[in-house]
Amino acid sequence: EMLDKLPKDVFLDPEKTFLDNSCGNGQFLAVVLERKLSNGIEYQQAIKTIYGVDIDQKNITECKQRLSIGSDNPAIWEILNHNVICADALNPEHAGWKEVGYMWDESKKIVDLVEAGFFTFGDDIVGT
């Protein structure tokens, strides 16, 4: 329902990034992926722009499975393992951020939400 409030063209841009900083089992991100695919964006390009974080490893495993849509392609899993991680989104020192850096940015510890993958809609920052 939240995604229906966004302009339709955000799902046409293959570079538009989506981040769910409490992704759970990936329901929100799976809908993002479906919308990108239904608008002609190639699968691998679509998942390159989808990021998720959750503190529960079981949720992360399920989220990756959903986003993989059954693929066993190592390149797909490399992207998923980089973009969907088990970490505490509110704690930049959490061990889950060790490999990718807090909010996927090694150069700074606190990253502007827009740069971290949220997108703007007017003057509002949109995300979950």
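The values are calculated or read from the model by the stated rules, or taken from the named source; none is laboratory data. The model shown is predicted, which means the values in this text are computed figures rather than measured ones. In this analysis, Cβ positions are derived from the backbone assuming ideal geometry, glycine residues included, and neighbour counts consider all displayed protein chains. Accessible surface is based on the protein model in full, side chains and every heavy atom, while ligands, DNA and RNA are left aside. Shrake-Rupley method; radii C 1.70, N 1.55, O 1.52, S 1.80 Å.
The table below gives the values:
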read-out	value
Selection status of G26, at pLDDT 95 or above and either within 21 Å of K5 (Cα to Cα) or not basic (K, R) (or both)	yes
Selected residue (criterion: nearest to I47 (Cα to Cα)) from residues of the stretch 68-101 that are open to solvent by less than 30 Å² (accessible area, probe 1.4 Å) and touching an Asp or Glu at 6+ places or on another chain (Cβ under 9 Å)	V84
Residue list for the stretch 1-43, filter: closer than 23 Å to G101 by Cβ and of a type in the set (S, T, N, Q)	T17, N21, S22
Index of the failed condition, D56 passing every other in (1) open to solvent by 70 Å² or more (accessible area, probe 1.4 Å); (2) among the acidic types (D, E); (3) modelled with pLDDT of 95 or more	(1)
1 or more residues touching a residue at least 60 places away in the same chain (Cβ under 8 Å): qualifying helices (runs of 4 or more DSSP H) within the stretch 1-85	27-38
Count of the stretch 55-85 residues which are touching a Cys at 6+ places or on another chain (Cβ under 8 Å) and within 24 Å of V10 (Cα to Cα)	2
